[in-house]
Amino acid sequence: MDLFNISEIKITYDPMISPKLQPKITSSENAADVFRDNWNDNTRHIESFYILLLNRANHCIGIKMISTGGLAGTVADPKVIMQTALKANASSMILAHNHPSDNLKPSQNDIDLTKKLKSAGEFLDIMILDHLILGWESYYSFADEGLL
């Protein structure tokens, strides 16, 4: 058995635009607008989960679709979320998912996932600034409602 014949792990992040030229997040409304502007229109009728990664000055450094699911849910894997944030050297992030039903009330799973990611973020020094639930015309902010 050849002990040196193993898979190579590559970690890359290629910023295409200077963060200074990216939007600066100043409020939940501002974040919701950025998500909506970058949401894949093909997934608005099914539940999807995205993250917005930020630098220390709250300028966007990237956005990533984490998962898509069905009408009633999607699986957002905390390992994939944190891996993406670490790969991009993010200082903080904002989570978002949509509710195609337009019911903006967070489920217990939404609340539990947010707590889990907040705890993981604290350990990794990556702050979870907010978790948004997007409807067709409005949104729910965990931070604005005191749940973060």
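With the condition kept exactly as written, say whether any residue in the stretch 90-107 is in a helix (DSSP H, G or I) and over 25 Å from residue 26 (Cβ atoms). First the steps, then the outcome.
Quick first cut of the stretch 90-107, residues in a helix (DSSP H, G or I) only: none.
The answer is no, given that none of the residues of the stretch 90-107 is in a helix (DSSP H, G or I) and over 25 Å from residue 26 (Cβ atoms).
Taking residue 67, is it open to solvent by 30 Å² or more (accessible area, probe 1.4 Å), small (Gly, Ala, Ser) and not in a loop (DSSP other than H, G, I, E, B)? Reasoning before the result, please.
Numbers: open to solvent by 30 Å² or more (accessible area, probe 1.4 Å): no; small (Gly, Ala, Ser): yes; not in a loop (DSSP other than H, G, I, E, B): yes.
Judged against the criteria, residue 67 is not a match.
How about the stretch 70-89: which of its residues are hydrophobic (A, V, I, L, M, F, W, C) and either in a helix (DSSP H, G or I) or open to solvent by 20 Å² or more (accessible area, probe 1.4 Å) (or both)?
Selection gives 71, 72, 75, 80, 81, 82, 85, 86.
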The residue from 121, 62 that alone is free of Cβ contacts under 8 Å to residues at least 40 places away in the same chain, of a type in the set (Gly, Ala, Ser) and farther than 16 Å from residue 133 by Cβ is 121
Of the conditions (1) open to solvent by 30 Å² or more (accessible area, probe 1.4 Å); (2) on the phi < 0 side of the Ramachandran plot; (3) in contact (Cβ under 8 Å) with a residue 12 or more places away in the chain, residue 102 clears all except one; give me its number. (2)
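Residue by residue, here is whether (1) under 25 Å from residue 100 (Cα atoms); (2) free of Cβ contacts under 8 Å to residues at least 40 places away in the same chain; (3) in contact with a helix residue (DSSP H, G or I) (Cβ under 9 Å, 6 or more places away or on another chain) holds:
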residue	(1), (2), (3)
17	no, yes, no
23	no, yes, yes
36	yes, no, no
47	yes, no, no
57	no, yes, yes
72	yes, yes, no
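The values are calculated or read from the model by the stated rules, or taken from the named source; none is laboratory data. Quick caveat: nothing in here was measured; it's all calculated off a predicted structure. All Cβ positions, even for glycine, are placed from backbone atoms using ideal geometry, and neighbour counts span all protein chains on display. Heavy atoms of the whole protein, side chains included, go into the accessibility calculation; ligands, DNA and RNA do not. Shrake-Rupley method; radii C 1.70, N 1.55, O 1.52, S 1.80 Å.
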